[in-house]
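To keep things clear, I will list the structure first and then write my remarks on it.
The values are calculated or read from the model by the stated rules, or taken from the named source; none is laboratory data. Given the structure is predicted, the values throughout are model-derived calculations rather than measurements. Cβ placement follows ideal geometry from the backbone for every residue including glycine, while neighbour counts extend to all protein chains displayed. Ligands, DNA and RNA are excluded from the accessible area calculation, which covers all protein heavy atoms including side chains. Shrake-Rupley method; radii C 1.70, N 1.55, O 1.52, S 1.80 Å.
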Amino acid sequence: MLNSGSPESVCHSLTVDVEDWYHVCGAEILPDYRRQSRVVAATRSLLELLRGQGSRATFFMLGEVADAFPELAPAIVADGHELASHGWSHRLVTGLTPAEFRSELERTAAVLKHQTGCTPLGFRAPRWSLDRRKTPWAFEILKELGYRYDSSLTPLAAIGDPNGPRVPHLIMTSQGSICEFPPLVAQSLLGNLPVGGGWGFRAFPYGMIERALHSCQLAGVPGVLFVHPRELDPDSPRLSLPLLRGFLAYGPRAGSEARLKKLLTNHTFKPLVELLESCPPVS
């Protein structure tokens, strides 16, 4: 039911949340932070890494970043990557009204279309803040606006549904289905572990990520990794956050680039839009 090919033929997907070092949900964005922006340089370094490995990715673009740096989205598209939407303001979807959510989607799509000619077909919410129970209307709006997939539901405790599907699946709306791509996790006696990105990608042993990807390959489904440009920029500024939040947002980062390069060497990655056929219904 979930097998879309032999383990050797399975392609995974690398996704990038294009946001700056100060885009941490709930943190106040001060004018001085914008003057210290590092997102363009960090994203260009990531593009160079991907170019060297011959890999293509999906870039979930924050609308306000695209608007502030109009050269960035065209550079991403010029390298053959997919542009998708990360919303406009980096506010949690659970803190938006349906009208505000729609406005953020439309505003971001308009900027990306103007800059590149590309209309985003995928969406990722800041901090995985879509919820089947709290924001069922969000999927309806995504489908209505022409989105074909989402990548906002994580099968993790605290920030998602630990019992949710770990593999691509369809979510039904009144207007049809939309494909959901959860991020890669590793199963353990402690529950699902976030090896596919964020602090887990940076802190867990490299072998855990490889084993999780291998499990996906055996099941015939793609594993979805995610990174932020700041994770490949260890010298960037950091917000003054409580210890745990600071660890989750920023550290450790020194080995992120080498770890990512090794994964790109060992596996085949494609943009999410090219993997939609691997998104069957959950049965």
Please go through segment 131-164 and pick out each residue that is under 24 Å from Val195 (Cα atoms) and open to solvent by less than 40 Å² (accessible area, probe 1.4 Å). Asp131, Tyr149, Asp150, Ser151, Ser152, Leu153, Thr154, Pro155, Leu156, Gly160, Gly164
Would you confirm whether or not segment 70-78 contains a residue that is surrounded by 23 or more Cβ atoms within 10 Å (Cβ to Cβ) and within 16 Å of Asp150 (Cα to Cα)? no
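Given the options Ser129, Ser152, name the one that is within 21 Å of Leu244 (Cα to Cα), in contact with a helix residue (DSSP H, G or I) (Cβ under 7 Å, 6 or more places away or on another chain) and not aliphatic (A, V, I, L, M).
Of the residues listed, the single one that is within 21 Å of Leu244 (Cα to Cα), in contact with a helix residue (DSSP H, G or I) (Cβ under 7 Å, 6 or more places away or on another chain) and not aliphatic (A, V, I, L, M) is Ser129.
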Hey, could you check segment 45-93 for residues that are basic (Lys, Arg) and in contact with a Pro (Cβ under 9 Å, 6 or more places away or on another chain) and say which is nearest to Gln115 (Cα to Cα)? Arg56
For a quick check of your reading of the model, give me the residue pairs whose first member lies in segment 27-42 and is surrounded by 11 or more Cβ atoms within 10 Å (Cβ to Cβ), whose second is among the basic types (Lys, Arg), with beta-carbon atoms closer than 9 Å and at least 6 apart or on different chains. Ala27/Arg245; Arg38/Arg230; Val39/Arg230; Ala42/Arg230
Would you check which residues across segment 242-257 are out of contact with any Pro (no Cβ under 9 Å at 6 or more places or on another chain) and either modelled with pLDDT of 95 or more or among the charged types (D, E, K, R) (or both) and list them? Arg245
How many residues of segment 160-177 are part of a loop (DSSP other than H, G, I, E, B) and in contact with a strand residue (DSSP E or B) (Cβ under 8 Å, 6 or more places away or on another chain)? The answer is 2
Of all residues in segment 242-283, which are touching a residue at least 60 places away in the same chain (Cβ under 8 Å), of a type in the set (Gly, Ala, Ser) and over 24 Å from Val167 (Cα atoms)? Ala249
Tell me which residues, restricted to segment 11-67, are modelled with pLDDT under 95, more than 20 Å from Gly87 (Cα to Cα) and of a type in the set (Asp, Glu). Asp32
So, Val111, is that one among the hydrophobic types (A, V, I, L, M, F, W, C) and over 30 Å from Thr268 (Cα atoms) or not? yes
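State whether the residues of segment 56-66 include one that is touching a residue at least 12 places away in the same chain (Cβ under 8 Å), out of contact with any strand residue (DSSP E or B) (no Cβ under 9 Å at 6 or more places or on another chain) and open to solvent by 20 Å² or more (accessible area, probe 1.4 Å). Step through it out loud before you land on a result.
Initially, segment 56-66 is screened for residues touching a residue at least 12 places away in the same chain (Cβ under 8 Å), giving 56-66.
Of the ones still in play, those that are also out of contact with any strand residue (DSSP E or B) (no Cβ under 9 Å at 6 or more places or on another chain) are 64.
Filter once more, so that each one left must be open to solvent by 20 Å² or more (accessible area, probe 1.4 Å): 64.
Yes, that holds for at least one residue.
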